[in-house]
Amino acid sequence: MDDEEVQRWFCELYNAHYTDEPTLSPNRIQFEYVSDAYGKCTYVGSFEYSVYLGINPDHWVKSTREEQIRLLIHELGHTRDHAGKHSPDFWEEVIDIYRSAINSTDTFSFRVEWDDVARRLVDNPSIGKVDNRSETVYERRKKIADALGVPYNENDLWTDMPISQWITQESRKRPIDEIEHTLYDKQAICDWYRSGQTSMSIENEIYMIDPIPIVERGESYTTIDKDGDMMCSIFTHTDRGYVQTIPADDEDRITI
Ligand SMILES: [Zn+2]
């Protein structure tokens, strides 16, 4: 791994974007190897250093130049103090840094496949890298793709979201196509999730969904409330064959 090259690229990307600020040079970077992440970065602003940059050498040497540039653009976003580490503001900054990079033609002496870098930025958000109170992985990926003009298959953005189900003692697997439910679209599901008080939570960076309360209606089943419809919609969109359900007594529940 060429440490000097990494720092030079980082500075070039920084200087292409933060044109109103003092030029960043490699001797102002506190650089080190890290092993518990692909990269780390913070603004230091001390007498000695402006920026701390940690890079995982194993990941770096295995990566294409486009992935390396993608990583540096992400880390550059962390030189600004955002309300949260991977807040919406952080991601908007990343989008702007990318735009500055492609518009400054002399940033790199070699030909960069910028479309490839953009595609990688779209894939970058994960549960651990979005502010889940304000947006889901799906929404953030979509925002980046729209902002950078990256064509995408909506289903890809959705199915990459890790979704799983709790299993409780009384839960049973039922075929999703035998459960009658209102089908909500993906955006409605995201809005429902962010409203809180839902049967969906995050556990170990996976969206976890409770067993779906259903009542039997002859040969088929039906959901008992809007939460159940939302939960079924998630599994219908992700093409699951079976889902965990719990038998519910519809007499006890008020249907919305
Ligand atoms: Zn980050």
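Helix 226-237 and the longest principal axis of the C-alpha atoms of the chain enclose an angle of approximately 60°. Stretching the chain fully between GLU21 and VAL61 yields a gain of 11.3 nm (0.36 nm per residue, less the alpha carbon separation).
For the chain, the longest piece that avoids every one of the GluC sites (Glu not before Pro) found in DSSP loops with at most 14 other C-beta atoms within 10 Å covers 49-112. For the range 1-107, the gyration tensor built on C-alpha atoms gives a rounded shape. Its axis ratio a/c (a ≥ b ≥ c) stays under 1.5. Helical runs (DSSP H, four residues minimum) scored at -39500 (n - 2.57) apiece and divided by the length of the chain put the mean residue ellipticity at 222 nm at -11500 deg cm²/dmol. For the range 3-158, a crude dipole built from +1 on the beta carbon of Lys and Arg and -1 on the beta carbon of Asp and Glu, taken about the Cα centre, is about 220 debye to the nearest 20.
With 18 Å as the limit, the listed pairs LYS143/LYS186; LYS142/LYS186; LYS62/LYS142; LYS186/LYS226; LYS142/LYS226; LYS129/LYS186 have LYS62/LYS142; LYS142/LYS226; LYS129/LYS186 beyond it between alpha carbons. With each label modelled as a point 7 angstrom along the Cα→C-beta vector, the ARG240-THR168 pair spans 1.5 nm. Of the beta bridges DSSP finds with both residues in the range 124-256, what % are antiparallel, to the nearest 5? Percent antiparallel among DSSP bridges in the range 124-256 is about 60. What separates the Cα centres of the range 18-34 and the range 71-113 is a distance of 14 Å.
Applying both filters, DSSP loop and at most 11 other Cβ atoms within 10 Å, to the chymotrypsin sites (Phe, Trp or Tyr not before Pro) of the range 1-94 gives PHE47.
When DSSP beta bridges are restricted to pairs lying wholly in the chain, around 55% turn out antiparallel. The relative contact order of the range 115-256, computed from alpha carbon pairs under 8 Å that lie at least 6 residues apart in sequence, is 27 percent.
Is the shape of the chain rounded, prolate or oblate, going by the alpha carbon gyration tensor and its root eigenvalues a ≥ b ≥ c, with a/c under 1.5 for rounded and a/b larger than b/c for prolate? Note, shape of the chain comes out prolate. Prolate is the label for the range 25-170, because a/c, from the alpha-carbon gyration tensor with a ≥ b ≥ c as root eigenvalues, is 1.5 or above and a/b exceeds b/c. If one takes the longest principal axis of the Cα atoms in the chain, at what angle in degrees, from 0 to 90 and to the nearest 10, does the Cα axis of helix 88-103 lie? In the chain, helix 88-103 runs at an angle near 50 degrees to the longest axis.
Just so you know, all these numbers are worked out from the coordinates, no wet-lab data involved. Remember, it's a predicted structure, so these values are computed and weren't measured experimentally. Methodologically, a virtual Cβ is constructed for each residue, glycine included, from the backbone with ideal geometry; neighbour enumeration extends over all protein chains shown.
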